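K.L.:
Here you go, one structure.
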Amino acid sequence: KVDELGRVVIPIELRRTLGIAEKDALEIYVDDEKIILKKYKPNMTCQVTGEVSDGNLSLAEGKIILSKEGAEQILNEL
């Protein structure tokens with residue numbers, strides 16, 4: 001149900017499965033007649049290639065973001 005303020009509850013089982021904690025930010029998308037909620041992952045831009053992807057690697061507690069291609073470039077230069 002949607003309450004009078006437009007809020008919905010995400011069941012705890014889903015939040016645990018998706019790793020969504022209290023106060024986590026979510027992105028909201030509309031696709032045709034669907035509302036899509038996605039856990040917000042800030043700044044997933046590779047620092048070498050500039051590629052933005054959820055598949056990028058987050059290293060050093062989020063201080064370094066690398067795509068696979070960016071990681072390969074660094075390894076080739078070492």
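K.L.:
Confirm whether SER58 is modelled with pLDDT of 90 or more and within 13 Å of the chain's Cα centre (by Cα).
P.N.:
Yes; evaluated as a whole, the condition is true for this residue.
K.L.:
Checking GLY19 against (1) of a type in the set (Gly, Ala, Ser); (2) surrounded by 10 or more Cβ atoms within 10 Å (Cβ to Cβ); (3) touching a strand residue (DSSP E or B) at 6+ places or on another chain (Cβ under 9 Å), which test does it fail?
P.N.:
Only one criterion in (1) of a type in the set (Gly, Ala, Ser); (2) surrounded by 10 or more Cβ atoms within 10 Å (Cβ to Cβ); (3) touching a strand residue (DSSP E or B) at 6+ places or on another chain (Cβ under 9 Å) is unmet by GLY19, namely (2).
K.L.:
So which residues in the stretch 30-78 are surrounded by 10 or more Cβ atoms within 10 Å (Cβ to Cβ) and closer than 30 Å to GLY6 by Cβ, if there are any at all?
P.N.:
ILE36, LEU37, LYS38, LYS39, TYR40, LYS41, ASN43, MET44, VAL52
K.L.:
A follow-up question, please. In this structure, is LYS1 in contact (Cβ under 8 Å) with a residue 12 or more places away in the chain, of a type in the set (D, E, K, R), over 21 Å from LEU75 (Cα atoms) and out of contact with any strand residue (DSSP E or B) (no Cβ under 7 Å at 6 or more places or on another chain)?
P.N.:
no
The values are calculated or read from the model by the stated rules, or taken from the named source; none is laboratory data. Predicted model only: the values in this text are computed from it and were never measured. So basically every Cβ, Gly included, is an ideal-geometry build from the backbone, and we count neighbours across all protein chains shown.
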